[in-house]
1. Report the percentage of all Cα-Cα pairs in the range 121-187 whose separation exceeds 16 Å, rounded to a whole percent.
2. Compute the length gained on full extension between ALA70 and ARG186: take 0.36 nm times their separation in residues and subtract their Cα-Cα distance, giving the result in nm to one decimal.
3. I'd like the FRET efficiency for GLU238 and ASP204, computed as 1/(1 + (r/R0)^6) with the beta carbon distance as r and R0 of 45 Å, rounded to 0.05.
4. How would the range 61-130 be classified by its alpha-carbon gyration tensor: rounded, prolate or oblate, with rounded meaning a/c under 1.5 and the a/b versus b/c comparison settling the rest?
5. Rounded to the nearest whole Å³, what is the per residue volume of the convex hull around the Cα atoms of the range 185-242?
6. Can you work out the FRET efficiency for the pair LEU231 and SER139, with r the C-beta to C-beta distance and R0 = 30 Å, to the nearest 0.05?
7. Starting from the range 149-227, pick out the GluC sites (Glu not before Pro) whose DSSP state is loop and whose Cβ has at most 13 other Cβ atoms within 10 Å.
8. Hey, what number do you get for the chain at 222 nm if only DSSP H runs of n ≥ 4 count, each worth -39500 (n - 2.57), divided across all residues, to the nearest 500?
Amino acid sequence: MWIKDVEQFKEQSGYIIEGAWYPRVTKIVEIKSKPALHYYYGQAKSYAEAQQQTQKSAEEGTKIHEAVEAIMKGENPEIDRLIIPSVTAFKNFIDFQKIEVIPEHIERRIFHPDERYAGTIDTLATINGKFGVLDIKTSAAIYRDYNMQTAAYLAALGREFPNLSTRWILRIDQAQTCLKCGATLRTKGGREKIKINGSKKCGDDHEWSETKGIIELKEFPFWRDDYGAFLAAKKLWEWENDYWLKQAGYLK
């Protein structure tokens, strides 16, 4: 993306916290290659169409995030019809799997004063007696990039919370299932994607179920190698953006 001046760069790439500017964790992680995303763009009819679908998908994901976070705060938000299956699945999940959160930690901005980066966590949580970072995703799968992101959060929070021991990715999605062959149909960003499961196929003659929510919770307790990868990515990101970072006073 073309940057017109340093103020635009700072706004798009980081946060000002306690009078100092810090690059954002999610912006730093973008430096890593994303094969699944490249494949998606390659399959699209055009770059413009892929961009439009990506934007719409992000908007849908934001709606799920906002609804889930409101529920975790004890609120009763109005749910967009489009995301009802996802939010319903989440409600059923937290009724079954006790997740304890403190509202003050939801969407909390954090920073690491020594390594000089910042981010916004979804929440801190206690699950099955363990205390850690809970990160919510609305993607089609759990990708390794998320491990770098959450490791950076753990390292930044370590001084404040010495008992912080782990992190979880909570993936929230929704799809339809073919009642004849078990294939799944996922609609996001206005794009329908069919995934064949197993060898049984029924061509284009699928019989789709109603849309149902999908919940996947994975714990990643071993984070230090992931944090090393994050710091390496940060170094590369700084090299790639050294001109603007010097303009911002972040690098000399």
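1. Roughly 55 percent, once rounded to a whole number.
2. 39.3 nm
3. With a Förster radius of 45 Å, E is 0.35.
4. Oblate, since a/c reaches 1.5 and b/c is not below a/b.
5. Hull volume normalised by residue count: 202 Å³.
6. 0.80
7. Those satisfying the criteria are GLU160, GLU207, GLU210.
8. Value at 222 nm, helices only, nearest 500: -12000 deg cm²/dmol.
The numbers here are math on the coordinates, done by the rules we state, and not lab data. Please read these numbers as outputs of a predicted model, since none were measured by experiment. Please note: Cβ atoms are built from the backbone with ideal geometry, for glycine as well, and neighbour counts cover all protein chains shown.
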